[in-house]
Amino acid sequence: MAAPPDMELSPTLSLELLPTDPLLLILSFLDYRDLVSCCYLNRRLNQLSSHDPLWKRHCKKYWLISEEEKSQRNQSWRAIFISTYSDLGRYIHYYATLKKAWDDLEQYLGQWCPRMISSLKESVREEDLDAVEAQIRCKLPDDYRCSFRIHNGQKLVVPGLMGSMALSNHYRSEDLLDIDTAAGGFQQRLGLKQCLPLTFCIHTGLSQYMALESVEGRNKYEIFYQCPEQMARNPSTIVMFITGTSYLEWFTSYVNKVVTGGYPIIRDQIFRYVHDKDCVATTEDITVSVSTSFLPELSSVHPPHYFFTYRIRIEMSKDALPENACQLESRYWRITNAKGDVEEVQGPGVVGEFPVISPGKVYEYTSCTTFTTTSGYMEGYYTFHCLYNKDRFFNVTIPRFHMVCPAFKVSTA
């Protein structure tokens, strides 16, 4: 007896029976691993998955290969993907992000800090990284290794790639260490067990370290500044000011801050002052803005002593009338810590100077403060007198600016 019409089964449509164009469109949505798997299903899919335009997207997504670079190599997109994967395949989830960060940084340095470009070192080979792992008897994270396949840090020079900081009696400039220098500084001592230095300052001896294992209360691959425990009986007990949770996050967030103008360029150096865009106040024709920075090398957790530096910019509008030129007479500060304790400071000038401000002119200076709490804020005003009317005095608002210590961990050693 024949089956009812509504019980008849529709013929199964096989993917490989589709016309070429829609099938290529479907394949274009596949990831590189699935595209490779198609090569082993049947002859037709093998032929179509080798269609060169399918590999263009993957070359651009994972290896950042441009049309110009493809032309220079004189290879197909598929051949480029395969050859690059054979060399850098273990880094496929990190390479594009880190390569873009390095490219953006080089382009920015070329424009604003050209002499720093010459300090960057060429990439290293896989066997060089393997040799370092054998030397320190510890595995390096793949994102860290990947960065060294692009650039092997920098030479030990000044200024350092990882930023500078300058006060009247204190200077810091951090270099990004090459792999051999970093390996030479690998630590096994109490307080820094299995920690690898990422940066180094020639002037202060300061380093940022990465923990290669979860020991002494640290998380694996956490990045930090060390802070000796001044009140501990064991002098090697270390408190950590945390600066990153992984190399990828640590490096790319720093580069993003640099290339977006988040850190100012001063005398051909990157200065790690953070500016809050809302921290600006204008009084008449004068605008005051503030940037701040935490200095771990001058801070301690026990006893609590958190050191901050701030950079103030005072600018008169270029559209101001010439007769509005004036001179700074004095300053007033209201300083409040996290407990609500208030300290008031008043005195002549700023950092021993009495700057004159005229239309279009800028005056900048750097000073510092400390808190016994992990955060606090400052606000106040400057008193100016007019140069063309000596009897006229007026106050210029200094906007409230906050300073916050980064997260830290107390040593368990």
### Task
Would you be able to tell me the number of residues in segment 140-157 that are open to solvent by less than 10 Å² (accessible area, probe 1.4 Å) and without any contact (Cβ under 8 Å) to a residue 60 or more places away in the chain?
5
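Kindly provide the set of residues from segment 30-60 that are of a type in the set (Asp, Glu) and either outside any helix (DSSP H, G or I) or on the phi > 0 side of the Ramachandran plot (or both), ordered by number.
Step one: list which residues in segment 30-60 are of a type in the set (Asp, Glu), which gives 31, 34, 52.
Answer for segment 30-60, where residues must be of a type in the set (Asp, Glu) and either outside any helix (DSSP H, G or I) or on the phi > 0 side of the Ramachandran plot (or both): ASP31, ASP52.
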### Task
Can you tell me which residue within segment 316-367, out of those that are open to solvent by 50 Å² or more (accessible area, probe 1.4 Å) and among the hydrophobic types (A, V, I, L, M, F, W, C), is farthest from PRO304 (Cα to Cα)?
LEU321
### Message
Residues that are within 20 Å of MET116 (Cα to Cα), in a loop (DSSP other than H, G, I, E, B) and either in the same structural domain as LEU298 (by the TED database) or out of contact with any strand residue (DSSP E or B) (no Cβ under 7 Å at 6 or more places or on another chain) (or both): does segment 209-220 have at least one?
### Response
no
## Note on the structure
Note on LEU190: of the conditions (1) surrounded by fewer than 20 Cβ atoms within 10 Å (Cβ to Cβ); (2) in a loop (DSSP other than H, G, I, E, B); (3) touching a Leu at 6+ places or on another chain (Cβ under 7 Å), unmet is (3)
## Note on the structure
Subset of segment 254-273, residues open to solvent by less than 40 Å² (accessible area, probe 1.4 Å), among the hydroxyl-bearing types (Ser, Thr, Tyr) and under 24 Å from LYS100 (Cβ atoms), comes to TYR254, TYR263
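Under 27 Å from the mean Cα position of the chain (by Cα) and at pLDDT 95 or above, is that true of PHE371? Lay out the reasoning, then the answer.
Numbers: under 27 Å from the mean Cα position of the chain (by Cα): yes; at pLDDT 95 or above: yes.
So PHE371 fits the description; yes.
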## Note on the structure
Expected output for segment 172-187 (first residue in a strand (DSSP E or B), partner open to solvent by 10 Å² or more (accessible area, probe 1.4 Å), Cβ below 6 Å, 6+ apart or cross-chain) is ARG172/THR204; SER173/VAL158; ASP175/LEU156; ASP175/PHE200
### Task
Being part of a loop (DSSP other than H, G, I, E, B) and under 23 Å from ASP285 (Cα atoms) is the filter here, so list the residues in segment 361-379 that pass it.
LYS361
### Query
Counting only residues that are farther than 21 Å from LEU248 by Cα and of a type in the set (Gly, Ala, Ser), which one in segment 113-139 is surrounded by the most Cβ atoms within 10 Å (Cβ to Cβ)?
SER119
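The values are calculated or read from the model by the stated rules, or taken from the named source; none is laboratory data. What you are looking at is a predicted structure, and each value in this text was computed from that prediction instead of being measured. With ideal geometry, Cβ positions are generated from the backbone for all residues, glycine too; neighbour counts draw on all protein chains shown. Ligands, DNA and RNA are stripped out before the accessible areas are found, and what is left, the full protein with its side chains, is counted by its heavy atoms. Shrake-Rupley method; radii C 1.70, N 1.55, O 1.52, S 1.80 Å.
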